[in-house]
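The values are calculated or read from the model by the stated rules, or taken from the named source; none is laboratory data. Just so it is clear, the model here is predicted, and its values are computed rather than measured. Cβ sites come from the backbone with ideal geometry, for glycine too, and all protein chains shown count toward neighbours.
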Amino acid sequence: MKKVVIFGECMVELVSKGGNDMIKSFAGDTYNTAVYLKRSAPNVSVSYLTAIGEDFLSNELLFAMGDEQINTDQVYRCSKRNLGLYMVRTDKQGERTFAYWRDNSAATQTLNVMTQPPQQIDMFYFSGISVAILDEVQREKLFDLIAELKHQGCEIVFDPNYRPRLWPDKDVAQAWMDRCYSVADIAFPGGDDHLALYGHTDADDVFGHLAPMRIGETVMKNGAVGVRIKNAQGQFIVPVEKVNDVVDTTAAGDAFNGGYLAARISGKGVTESASYGAKVAGTVIQHPGAIIPVEALKKAVNS
Ligand code: ADP
């Protein structure tokens, strides 16, 4: 059985239903990818590496992971800290506003409380958010772990998921993102991220910037425009079927990554995997929230 470890932060998600009514669930970029990867490839072992608190919401997250068949062997407890939380409000025009309470969350301490680092795994996945929430000492521990995993033959997968509010400034963010890219075997740059962070306006800019990092497989997402892939065989363009009745784009990129990696691990080629990832993402954006009902996804991807 192939083993994947996904590292990051899962938060409590509160979605306002108008007035004071809220719907509570659990989400976060890397967690969303873990969920869609496992749902798309049930025969792959997916563990989530994070730290949670000892509060009741942290316990509920463990049950949610159990429901998704995500392994909790890499979930560490951090006493005196809680899960991070974010709230989403959608106005009458459909515009979403986010508010976050995550600064001192348990997940920011993951590398400090990790006692049994993952080893002998096939794939390790992390994002720019996973790195941004750590202090510098823990970032070095993370890169030590990645170096050890690479040495063992593990594939490293990275998505920048640039969130300006998590970084002191663009220069610092760029330096860390470039360091992350340079250890990646598979990378998922997003068009919006690269425009905001580096000022790149097209795929050539992105691939040009990443060329010195020697990433084996670069998969560039660009909304409904399509997916561009670069690997040792060359460049490929994979069209995406445009979804017109978009309900909520939250987790589109994360879902794409989960579907893509599930297909790749199952032995599919890069273009077929991108089409599958796009199908998963295209389904997710037709439903509210980051994690959509299991049945909704099954029905759409099997149709
Ligand atoms: P991110 O969420 O990282 O910004 P994108 O907006 O590029 O990522 O979207 C990720 C993936 O979601 C795309 O590669 C595509 O497969 C799918 N997607 C996003 N928007 C649409 C859309 N309007 N129609 C169809 N697919 C979409």
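Under the condition of being closer than 20 Å to Asp192 by Cβ and part of a strand (DSSP E or B), which residue from the stretch 209-219 is farthest from the ligand (Cβ to nearest atom)?
For the stretch 209-219, the residue satisfying everything is Thr218.
Exactly one condition in (1) more than 23 Å from Lys150 (Cβ to Cβ); (2) in contact with a helix residue (DSSP H, G or I) (Cβ under 8 Å, 6 or more places away or on another chain); (3) at pLDDT 95 or above; (4) surrounded by 15 or more Cβ atoms within 10 Å (Cβ to Cβ) is false for Ile215; which is it?
The single condition Ile215 does not satisfy is (1).
Return the only residue of Lys2, Lys24 being under 15 Å from Ala290 (Cβ atoms) and of a type outside the set (S, T, N, Q).
Working: Lys2 fails: under 15 Å from Ala290 (Cβ atoms).
Unique residue meeting the criteria: Lys24.
Restricting to the stretch 79-108, and then to whatever is of a type in the set (A, V, I, L, M, F, W, C) and either within 26 Å of Gly19 (Cα to Cα) or modelled with pLDDT under 95 (or both), can you tell me which residue is surrounded by the most Cβ atoms within 10 Å (Cβ to Cβ)?
Initial filter on the stretch 79-108 (of a type in the set (A, V, I, L, M, F, W, C)): 83, 85, 87-88, 98-99, 101, 106-107.
Of the ones still in play, those that are also either within 26 Å of Gly19 (Cα to Cα) or modelled with pLDDT under 95 (or both) are 83, 85, 87-88, 98-99, 101.
Details: Leu83: 26, Leu85: 16, Met87: 15, Val88: 20, Phe98: 11, Ala99: 10, Trp101: 14.
Result: Leu83.
Across the stretch 244-262, which residue is surrounded by the fewest Cβ atoms within 10 Å (Cβ to Cβ) among those that are without any contact (Cβ under 8 Å) to a residue 40 or more places away in the chain and near the ligand (Cβ under 7 Å from one of its atoms)?
Within the stretch 244-262, the subset without any contact (Cβ under 8 Å) to a residue 40 or more places away in the chain is 244, 249, 252.
Okay, now just the ones that are also near the ligand (Cβ under 7 Å from one of its atoms), so 249, 252.
Numbers: Thr249: 13, Ala252: 23.
Filtering the stretch 244-262 for residues that are without any contact (Cβ under 8 Å) to a residue 40 or more places away in the chain and near the ligand (Cβ under 7 Å from one of its atoms), the one surrounded by the fewest Cβ atoms within 10 Å (Cβ to Cβ) comes out as Thr249.
Within 26 Å of Glu54 (Cα to Cα) and assigned to a helix (DSSP H, G or I), is that true of Thr108?
Details: within 26 Å of Glu54 (Cα to Cα): yes; assigned to a helix (DSSP H, G or I): yes.
Yes, satisfied.
So which residues in the stretch 144-164 are away from the ligand (no atom under 16 Å from the Cβ) and more than 15 Å from the chain's Cα centre (by Cα), if there are any at all? Can you show your working first?
Residues of the stretch 144-164 that are away from the ligand (no atom under 16 Å from the Cβ), as a first pass: 144-156.
Answer for the stretch 144-164, where residues must be away from the ligand (no atom under 16 Å from the Cβ) and more than 15 Å from the chain's Cα centre (by Cα): Asp144, Leu145, Ile146, Ala147, Glu148, Leu149, Lys150, His151, Gln152, Gly153, Cys154, Glu155.
In the stretch 220-243, which residue that is basic (Lys, Arg) and free of Cβ contacts under 8 Å to residues at least 24 places away in the same chain is farthest from the ligand (Cβ to nearest atom)?
Step one: filter the stretch 220-243 for residues basic (Lys, Arg), giving 221, 228, 230, 242.
Remaining after also requiring free of Cβ contacts under 8 Å to residues at least 24 places away in the same chain: 230, 242.
On the way: Lys230: 15, Lys242: 5 Å.
For the stretch 220-243, the residue satisfying everything is Lys230.
Give me the strands (runs of 3 or more DSSP E) completely within the stretch 1-54, filtered to those with at least 3 residues that are in contact (Cβ under 8 Å) with a residue 12 or more places away in the chain, closer than 20 Å to Asn161 by Cβ and not hydroxyl-bearing (Ser, Thr, Tyr), ordered by residue number. Break it down into steps so the answer makes sense when it comes.
Values: elements: 3-7, 11-16, 22-27, 45-52.
Filter on the stretch 1-54 gives 3-7, 11-16, 45-52.
Would you please list the contacts, defined by Cβ atoms under 8 Å and residues six or more apart or on different chains, that run from a residue in the stretch 189-211 that is closer than 19 Å to Ile129 by Cα and of a type outside the set (Ser, Thr, Tyr) to a residue that is assigned to a helix (DSSP H, G or I) and within 10 Å of the ligand (Cβ to nearest atom)?
Gly190/Gly253
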